[in-house]
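Values in this text are rule-based calculations from the coordinates and carry no lab data. Please read these numbers as outputs of a predicted model, since none were measured by experiment. Cβ placement follows ideal geometry from the backbone for every residue including glycine, while neighbour counts extend to all protein chains displayed.
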Amino acid sequence: MTRLIVALLLLVAIALGAGVYIGAGRAPGPAIEIHEPTRLIGRTARFDASIDATDGELTDITAVIEQGGNTLPLFSLSEPGGAQMTQETDTRVRVSRSLTRETHPDLAPGPATIVVHATRSVLFGLRERDTTTRLEVEARFDPPRLAALSSFHYVNHGGAELIVYRVTPSDAESGVRVGDRFFPGYPAGAAGVADADETMRVALFALLYDQDLDTPMRLYARDEAGNEAEIAFDHRIFPQRFRRSRITVGDRFLEQVVPDIVARSEEFRTLPLPPGAGLLEQYLAINGGLRRINDEQIMALAADTAAERLWTEPFRQLGNSQVESGFADHRTYIHDGSEVDQQIHLGFDLAATANVAILASNTGRVVWADYLGIYGNCVIVDHGMGLQSLYAHLSSITVRPGDTVSMDDELGRSGTTGLAGGDHLHFAILLHGWPITPMEWWDSHWIEDRITRKIRAAS
């Protein structure tokens, strides 16, 4: 009887062991995820993949490129080559490396397949399970081609210009690089160029007030595969003299503007101020720190721009207005006879009568209509292709974001909200969020010579 029980127990153990062994053979292999490339391999591509053993141990990893009967190694545990393997968790590793013409000179333009194979141990190392992941890609090494089509690119320091150019392939990201600033191009047809083909582009660009006169300007393109191209184009820079002024900040002015801005600006509470800071300290935080925050908010709104030109006529200055302050004025602030701050004024201060109607300077779409720190009640109108106009210190606002406005439509009324010492309009022109001089956009001759003529010539 005892022998029978032992035999039965042995049979049960064998059956259970066989079941566990067979079950282990059905366990999933490692999880493989290829992060890069996604579809294309360019001159500066990378291979990046994650492999997770889940509840086992990785025993083998290989990654190769298959193309036309050739197998090009990317990585293996025994021969990592130029790849780096990082242990992300106890069971998960990440493999990355450069994938370029230099690292893989035998990789030819055209279709290819990335194959990643990984093995993990199961059942205490008695068995192994594997996974193979394949990714179809295309190797593309030719850089985009660029050609300037327009001529006579004359740029005033702090001002804008337009260029018409051609880029191939047409889906490449392209535009103008001015130093470290990038001004994207848009389809020429959307700018008004008649019969434009899909490779023609138009870009507005600028030499900003704080950039050197010798800042390089280049047409730039980058295709989906990451291949880049740059070419020079004919241009000439004209220096401009920016005004310097001294502004007295009196206690009465501080009492007038500081409490209201502090009360209405949540961003002010993020500024580092000592406990019990007085009006002057709060004002300096507003004039510097809050100004930077507000300008970052304005820069973020630059992305909300139409991919077409929404205007056709020159912009209009506030009617019967007097210029109180110009673009890029360097201001030194004086309090009780001492210099306390310096800032750059990046717009025009225009004064007419108090509470005057503020009209849209051109056709566009409202992207901001609310309180904005130092700018007080503020409206920003998008005119397409990165061009926007800003109206600040309003006493009231009559439009909402999303509204379409025509030239001379009322946006609100002038006032003294924000950092305003008296009733006036602060008017600014922005190109992709960067302030540029408004004077050119008010000038019908400049619009004809720098914008309209080039669009007409390209048609």
Rounded to the nearest 10, the angle in degrees between the Cα long axis of helix 291-301 and the longest principal axis of the Cα atoms of the chain comes to 70
The relative contact order of the range 27-139, taking Cα pairs under 8 Å that sit 6 or more residues apart, comes to a percentage of 34
Once A148 and R181 are pulled to full extension, the length gained, defined as 0.36 nm per residue separation minus their Cα-Cα distance, is 10.0 nm
Here the net charge surrounding G433, from other residues whose Cβ is less than 15 Å away from its Cβ (Lys, Arg +1; Asp, Glu -1), is -3
Env charge @ P401, Cβ radius under 11 Å, K,R +1 / D,E -1, value -2
Long-range amide H partners of A306, meaning residues 5 or more apart or on another chain whose placed amide H is closer than 5 Å, are G384, M385, G386
Whole-Hz Karplus couplings 3J(HN,Hα) for the range 197-204, θ = phi - 60° and coefficients 6.51, -1.76, 1.60, Gly and Pro as x, run 7, 5, 8, 7, 10, 10, 9, 8
For the range 116-175, the charge dipole (Cβ of Lys, Arg +1; Cβ of Asp, Glu -1; about the Cα centre) points to a positive end, and the Cα of F152, A118, S170 closest to that extreme belongs to A118
In nm, the gap between the two label points placed 7 Å beyond Cα toward Cβ at T132 and Q322 is 8.4
Footprinting proxy, Y154, Y371, Y391: sorted fewest to most Cβ within 10 Å, the residues are Y154, Y371, Y391
Everything considered on the Cα gyration tensor (a ≥ b ≥ c; rounded for a/c under 1.5, else prolate if a/b is larger than b/c, else oblate), the range 41-162 must be described as prolate
A correct Karplus calculation of ³J(HN,Hα) over the range 159-164, with 6.51 cos²θ - 1.76 cosθ + 1.60, θ = phi - 60°, whole Hz and x for Gly and Pro, returns x, 10, 7, 10, 10, 10
The exposure ranking of L135, L213, L430, fewest beta-carbon neighbours within 10 Å first, is L213, L135, L430
Rounded to the nearest 0.05, FRET efficiency between D341 and E313 (Cβ-Cβ, R0 45 Å) equals 0.70
The exposure ranking of L390, L279, fewest beta-carbon neighbours within 10 Å first, is L279, L390
So, over other residues within a Cβ distance under 11 Å of H117, counting Lys, Arg +1 and Asp, Glu -1, the net charge is -1
Tilt, helix 251-264 to longest principal axis of the chain (alpha-carbon atoms), in degrees rounded to tens, equals 30
